[in-house]
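Working notes, beginning with the structure itself.
The values are calculated or read from the model by the stated rules, or taken from the named source; none is laboratory data. Owing to the predicted nature of the structure, the values given are computational and were not obtained by experimental measurement. We place every Cβ from the backbone using ideal geometry, glycine too, and count neighbours over all the protein chains shown. The area values use the complete protein model at the heavy-atom level, side chains included, leaving out ligands, DNA and RNA. Shrake-Rupley method; radii C 1.70, N 1.55, O 1.52, S 1.80 Å.
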Amino acid sequence: EFTDSDREIQGRTGVDIPTIFDFEGEEGFRKREKAAIEDLTSAEGQVLATGGGAVLDPDNRRNLSSRGVVIYLTCSPQQQYERTMRDKNRPLLQTENPLAKLEALMEERDPLYQSIADFIVSTENRSAQVVAKEIVRKLDEY
């Protein structure tokens with residue numbers, strides 16, 4: 001079963017992520033994210049996609065790494081920008097220079113993801129199908 005922690009948070013609150021940021025700020029969103037990840041990582045037999053900032057919380061990192069296999073999907077900030085430049089549902093990127101923000105986020109988050117990742121898979125200029133095949137291969141070898 002596939003679960004997305006951001007969708008779970010939206011389902012629990014009944015509003016989208018930007019609305020949560022508007023009313024509660026990033027801190028309020030992160031508290032909700034932490035509760036969702038605590039619950040979601042307790043379930044077995046699922047694939048869990050988290051938002052990019054989930055790794056900032058030490059409890060999230062511990063729960064993710066101790067309760068499952070962590071696959072860090074990575075690509076350059078430039079590619080992230082190309083993929084997200086029209087997405088208004090990313091509050092942290094609603095700035096004058098979203099590429100600079102993505103570069104700063106990568107600098108902060110990349111070491112944290114690397115510290116808990118069982119596998120690192122590049123998505124740079126690769127189709128979802130190619131990435132999925134690599135993930136399956138790595139899991140088979142695990």
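Considering region 42-74 alone, what residues qualify as being buried (at least 17 other Cβ atoms within 10 Å of the Cβ) and part of a loop (DSSP other than H, G, I, E, B)?
Listed by number, the residues that qualify are T50, G51, D57, V70.
Find all pairs meeting these conditions: Cβ atoms under 8 angstrom apart; at least six residues apart or on different chains; first residue within region 94-107 and within 15 Å of E26 (Cα to Cα); second residue in a helix (DSSP H, G or I) and charged (D, E, K, R).
Close Cβ pairs (under 8 Å, with a partner that is in a helix (DSSP H, G or I) and charged (D, E, K, R)) amount to T95/K101.
Of everything in region 1-19 that's under 25 Å from V70 (Cβ atoms) and more than 16 Å from the chain's Cα centre (by Cα), which residue is surrounded by the most Cβ atoms within 10 Å (Cβ to Cβ)? Step through it out loud before you land on a result.
Going residue by residue through region 1-19, those that are under 25 Å from V70 (Cβ atoms) are 1-12, 17.
From what is left, the residues that are more than 16 Å from the chain's Cα centre (by Cα) are 1, 11-12.
Numbers: E1: 8, G11: 10, R12: 12.
So, considering only residues that are under 25 Å from V70 (Cβ atoms) and more than 16 Å from the chain's Cα centre (by Cα), the one surrounded by the most Cβ atoms within 10 Å (Cβ to Cβ) is R12.
For region 94-110, enumerate the residues that are open to solvent by 70 Å² or more (accessible area, probe 1.4 Å) and either outside any helix (DSSP H, G or I) or within 19 Å of G68 (Cα to Cα) (or both).
Residues satisfying the conditions are Q94, E96, N97.
Can you pull out every residue in region 76-89 that is in a loop (DSSP other than H, G, I, E, B) and free of Cβ contacts under 8 Å to residues at least 12 places away in the same chain? Let's see the steps before the verdict.
Filtering region 76-89 for residues in a loop (DSSP other than H, G, I, E, B) gives 76, 85-89.
Within region 76-89, R86, D87 meet the criteria.
Tally the residues that are touching a Leu at 6+ places or on another chain (Cβ under 8 Å) and of a type in the set (D, E, K, R), restricting the search to region 81-108.
Total meeting the criteria: 3.
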